[in-house]
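FYI, it's all coordinate maths here, none of it is from the lab. Note that the structure is predicted; figures quoted are calculated from it, not measured. Virtual Cβ from ideal backbone geometry, glycine too; neighbours counted across all protein chains shown.
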Amino acid sequence: MQPEPLYRRVLGSTFADLHPNLRRFHESPGSAVGVGHFRVRRHPGRLRGTLASVLGLPPASDAAEVRLNITVLGAGERWVRSFNGKPLITLQTVRQGLLIEQAGPTHFGFAPSVFNGGLVFRSIRVWLFGVELPCELAPSLHATVVPTERGWFASVQMCVPVLGPVLDYEGEVIPQWKPPSRC
């Protein structure tokens, strides 16, 4: 038996307030796919560029071809975001009421909220190799997902203490709905 969809578990009763496109996408059984074109900006500076490369973040592009593949994996989800064919892979789960997104040895904890049918994410806890980082040392992620007629517009920003903004990307995601089953 499949567990309740991840975003339904983390959002609770506010899941019903999501725009129908987002609700349907996050309830897709087994897997979901979206495509689009994003503007990706790496902020200037040698240290920022090195950090972005080490973390496997996408290179700068005015119109990166993006493909999002989400696969249910146990009680969580595997997210593969490909920017011009270069994958950025994360795992999402729920722990102690937080949405946890794992990227390599780093875990970001979010308390996402629904706003005008979309989603707002702001990292509130960060762990590196299992050790929670104090706020003053923790990188931060902020993302918004705004419904559109065809899908949604996503905007993501990553900042690191002392360095400031490292990366941001934004663009529209168009879900690739599976045809209905003929059973």
For region 110-117, take each phi angle, set θ = phi - 60°, evaluate the Karplus expression 6.51 cos²θ - 1.76 cosθ + 1.60, and give the result in whole Hz per residue in order, putting x for glycine and proline.
-> 10, 10, x, 10, 8, 9, 6, x
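Relative contact order for region 6-175: what is it in percent, counting Cα pairs under 8 Å that are at least 6 residues apart? Please report the intermediate quantities before stating the final value.
Values: 386 pairs, mean separation 37.4, N = 170.
Value for region 6-175: 22 percent.
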If you take the alpha carbon radius of gyration of region 1-104 and divide it by 2.2 N^0.38 Å, what ratio comes out, to two decimals?
-> 1.22
Long-range amide H contacts for T148: which residues qualify at under 5 Å (H placed 1.01 Å from N, peptide plane, sequence gap of 5 or more or a different chain)?
-> F153
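Can you compute the FRET efficiency between R46 and E149 using 1/(1 + (r/R0)^6), with r the Cβ-Cβ distance and R0 = 30 Å? Round to the nearest 0.05. Walk me through the numbers before you get to the answer.
On the way: r = 41 Å, r/R0 = 1.38.
Efficiency computed from Cβ-Cβ geometry: 0.15.
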With r as the distance between the Cβ atoms of R9 and L163 and R0 = 35 Å, compute the FRET efficiency 1/(1 + (r/R0)^6) and round to 0.05.
-> 0.55
Determine how many Å³ per residue the convex hull of the Cα atoms of the chain encloses.
-> 126 Å³
Quick one: if you stick a label point 7 Å off each Cα along the C-beta vector at L91 and A16, how many nm between them?
-> 3.3 nm
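Could you line up E136, E65, E101 from fewest to most neighbouring Cβ atoms inside 10 Å?
Details: E136 7, E65 14, E101 21.
Starting with the residue having the fewest Cβ neighbours, the order is E136, E65, E101.
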Given H placed 1.01 Å from N in the peptide plane, which residues other than close sequence neighbours of A60 have an amide H under 5 Å from its amide H?
-> R42
Could you run the Karplus curve 6.51 cos²θ - 1.76 cosθ + 1.60 with θ = phi - 60° over region 17-29 and give me ³J(HN,Hα) per residue in whole Hz, x for Gly and Pro?
-> 7, 5, 4, x, 4, 6, 4, 4, 4, 7, 9, 4, x
Residues meeting the amide H criterion for Q176 (H placed from the backbone, H to H distance under 5 Å, 5 or more places apart or on another chain) are V33, G34, V35
Treat the count of other C-beta atoms within 10 Å as a stand-in for reagent exposure and order T148, T93 from fewest to most.
-> T148, T93
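Would you kindly state how much longer the chain becomes between N116 and A75 on full extension, computed as 0.36 nm times their sequence separation minus their alpha carbon distance, in nm to one decimal?
Details: separation 41, 0.36 × 41 = 14.76 nm, distance 2.74 nm.
Computed gain between N116 and A75 is 12.0 nm.
To make sure I understand, if each residue's beta carbon is the centre and we count other beta carbons within 10 Å, what order do F15, F25 fall in, fewest to most? Walk me through the intermediate numbers first.
Details: F15 18, F25 23.
Fewest-to-most ranking of F15, F25: F15, F25.
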